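Heads up, the thing below is written out as structure tokens.
Each reported figure results from applying straightforward, stated rules to the coordinates on display, with no laboratory input. In this text the structure is predicted, and so the values were computed from the model without any measurement. Virtual Cβ from ideal backbone geometry, glycine too; neighbours counted across all protein chains shown.
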Amino acid sequence: MAEVVTAHPTITSAIVGPRTLEQLDDLLAGAHVILGDDMLDLIDEIVPPGTDVGVSDIGYTPPSLTHAAVRRRAADDRSAA
């Protein structure tokens, strides 16, 4: 999806954040895909430019916000550096 992001003239780069090797493989497989204006217009219809689609918009609260045990490392595992 970096192509969609970088199609905007003020965006100069996109950062992907795969969590698994499989996700990285999927992202790399689409690296050379170039979406045409017709497809980008369809995407804009689904999520209009400027729309913030975040955690609060989809009714999902990540465990890191609801469970303190996954929100931070145990005191013995923390580094001061």
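One table, with the values for the structure above:
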| read-out | value |
| --- | --- |
| Vicinal HN-Hα couplings computed from phi for the range 18-26 (Karplus, 6.51 cos²θ - 1.76 cosθ + 1.60; Hz; Gly/Pro x) | x, 9, 9, 5, 4, 5, 5, 4, 4 |
| In order through the range 38-47: 3J(HN,Hα) via Karplus (6.51 cos²θ - 1.76 cosθ + 1.60), integer Hz, x for Gly, Pro | 5, 5, 5, 5, 5, 5, 4, 5, 6, 10 |
| Computed label-point distance, nm, for sites residue 37 and residue 51 using a 7 Å Cα→Cβ extension | 2.2 |
